[in-house]
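Let me begin by presenting the structure, written as structure tokens, before commenting on it.
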Amino acid sequence: MEDMILTVNHLCKSYPQFSLSDVSFSLPKGAIMGLIGENGAGKSTTMKLILGMTSPDSGSISVFGHAGCSAKDREDIGVVFDELPFAQTLFVSHLGRIMKGSYQNWDQKQYEEYLQKFALPDKKELKDFSRGMKMKLSLAVALSHNAKLLILDEPTSGLDPVVRAEILDIFLDFISDGEHSVLVSSHITSDLEKVADYITFIHQGKLMLCENKDNIIYGYGIAKADKATIDAIDSQFVLKKKHGKYDSEALVSDRAAFSRQYPEILVDPINLDELMLMLCSDK
Amino acid sequence: MKGLILNDFLSMRKLLKSILFVFFAFAAIWGFMDQPETGAIIICVMGISYLFNLFTYDEYYHWDQYRSILPVSHKQIVLARYAAFGITSLILLGISSIYTLILGGAARCGLMLLVSLCMQGYTTAVIIPIAYKFGMQKGRMLYLLTMLIPFGVMMGVTIALSEAGMLPTGGMLALMLAALIVLIVLMVMVSIHISIKIVSRKSF
């Protein structure tokens, strides 16, 4: 069994208008897991539960091999929220001083290197930073206290492709020693296709899929044919069927085996967006 | 915890600069009216009231959420906020004491210290749990309502003592100060206990 840095078991949390039900997944060391799902699907709730920002109704979380997420564990977790959570009148040097007084393992030199690398000036208040700069600053903070696990909520949303590519490179660099891991939620599935090792898909508070990304990209496919042909496919191959006005589609989990069995049916590779749409479809 | 206290002061630094101007104006006006102790009391209470903004900043900038993922306990979060109030109170009391001592003498300074300490202690003990529980928008209103009672009593006592010419003697002042400090410490301790409970139950 792989060494897990994070394990989520049957997590449930109910709010008046939303419920997260029975979400389970594990993140091994040295891996990046992409958390995907529509707005309000439960991605942020899952992250908050992992971080202990709210308590689950049932289920359990194990971080760094033991139950729960204590204050000591949070020393080793770097977190990035989708909004910069610091007073906008601060300067980046102020933030360095605040974090130095908050994290025992704070590495001021590393922080300053990231500030330089990201070209973040100390002469501007945070309110004058662009969204990209704010996100880079959040990342600089998360990466400057020798965290072993990064938990990132929509870190690349609203950023241009150049900045996004820079940030993705940082993730890959972060996990390169095989001891560090990243859990990242994003609507930009193309980013996750580039860097994620695992994909966890949550839809309306329920876990729809937790799978190795390569299995999805290279294994899953969409078979397209008329309704009668799709309905005739052996159910062992089919994860989901969708019937449209003019044609029908089936989501298959092993397109190589499917093509051997049904060579006459066209089966296309699938990307994460298509997978989400297919699994969310109620047709 | 040091980081949390630092964040509070650095977040407030711009506001503190603008407040200084108001304080100078108050000091000048009340000094000119030969009531430095009244001016000093107002400065002490006003100064501590400006810290209410910290709770607004917590909510507005989502620092309250971020703070919850820092490697600090709920107790440390709460103690850091009380420390920010405490440090500010001491600075205000120090400055106000010098001001009153120069313009009004030791007895009036003692009276000012008594009332200011009482008001600051009351403010700190009441506002922090209220702000944690209800947020600053509702909290401010609730605090103002609760403030009417001790403010009325304190001002009444101060005016009555001044008009009767019954300025406290050294021994009496020391006894009153000691009793007051005990009362304030007790109030703040209960307040801290309640605040920790509120913060530990908070979900984001």
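In a residue-by-residue description of segment A:148-158, the property of being at pLDDT below 95, more than 17 Å from A:Phe81 (Cβ to Cβ) and among the polar types (S, T, N, Q) applies to no position. Within segment B:50-69, the only residue that satisfies the criterion of being at the interface with another protein chain (Cβ under 8 Å from one of its Cβ atoms), in a helix (DSSP H, G or I) and free of Cβ contacts under 8 Å to residues at least 40 places away in the same chain is B:Tyr66. The requirement of being within 20 Å of A:Pro121 (Cα to Cα), without any contact (Cβ under 8 Å) to a residue 40 or more places away in the chain and open to solvent by less than 10 Å² (accessible area, probe 1.4 Å) is fulfilled somewhere in segment A:160-168, by at least one residue.
Residue-by-condition table, conditions (1) closer than 28 Å to B:Met187 by Cα; (2) out of contact with any Cys (no Cβ under 6 Å at 6 or more places or on another chain); (3) more than 9 Å from chain A (Cβ to nearest Cβ); (4) not in a helix (DSSP H, G or I):
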| site | (1), (2), (3), (4) |
| --- | --- |
| B:Phe24 | no, yes, yes, no |
| B:Ile48 | yes, yes, yes, no |
| B:Pro71 | no, yes, no, yes |
| B:Leu79 | yes, yes, yes, no |
| B:Thr88 | yes, yes, yes, no |
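Across segment A:84-112, the qualifying residues are those that are in a loop (DSSP other than H, G, I, E, B) and under 16 Å from A:Glu125 (Cα atoms), and the one among them that is most open to solvent (accessible area, probe 1.4 Å) is A:Phe91. In this structure, B:Ala160 does not qualify as in contact (Cβ under 8 Å) with a residue 40 or more places away in the chain and surrounded by fewer than 22 Cβ atoms within 10 Å (Cβ to Cβ).
State whether the residues of segment A:123-144 include one that is among the polar types (S, T, N, Q), within 30 Å of A:Pro16 (Cβ to Cβ) and touching a strand residue (DSSP E or B) at 6+ places or on another chain (Cβ under 9 Å). No, every residue in segment A:123-144 fails to be among the polar types (S, T, N, Q), within 30 Å of A:Pro16 (Cβ to Cβ) and touching a strand residue (DSSP E or B) at 6+ places or on another chain (Cβ under 9 Å). Within segment A:116-133, the residues that satisfy the criterion of being over 16 Å from A:Ser144 (Cβ atoms), modelled with pLDDT under 90 and of a type in the set (Lys, Arg) are A:Lys123, A:Arg131. The single residue among A:Gly68, A:Gly40 that is away from chain B (no Cβ under 14 Å) and at pLDDT below 95 turns out to be A:Gly40.
For beta carbons closer than 6 Å, sequence separation of 6+ or different chains, a first residue in segment A:71-88 that is more than 7 Å from chain B (Cβ to nearest Cβ) and a second that is open to solvent by 30 Å² or more (accessible area, probe 1.4 Å) and among the charged types (D, E, K, R), the qualifying pairs are A:Asp76/A:Lys148; A:Leu84/A:Lys134.
Assess whether B:Ile98 counts as being farther than 25 Å from A:Ser138 by Cα and either within 14 Å of another protein chain (Cβ to nearest Cβ) or without any contact (Cβ under 8 Å) to a residue 24 or more places away in the chain (or both). Considered against the rule, which asks whether it is farther than 25 Å from A:Ser138 by Cα and either within 14 Å of another protein chain (Cβ to nearest Cβ) or without any contact (Cβ under 8 Å) to a residue 24 or more places away in the chain (or both), B:Ile98 comes out as yes.
The values are calculated or read from the model by the stated rules, or taken from the named source; none is laboratory data. Just so it is clear, the structure is predicted and the values come from calculations on it, not from any experiment. All Cβ positions, glycine included, derive from the backbone under ideal geometry; neighbour counts span all protein chains shown. Just the protein is used for accessible areas: all its heavy atoms, side chains included, with ligands, DNA and RNA removed. Shrake-Rupley method; radii C 1.70, N 1.55, O 1.52, S 1.80 Å.
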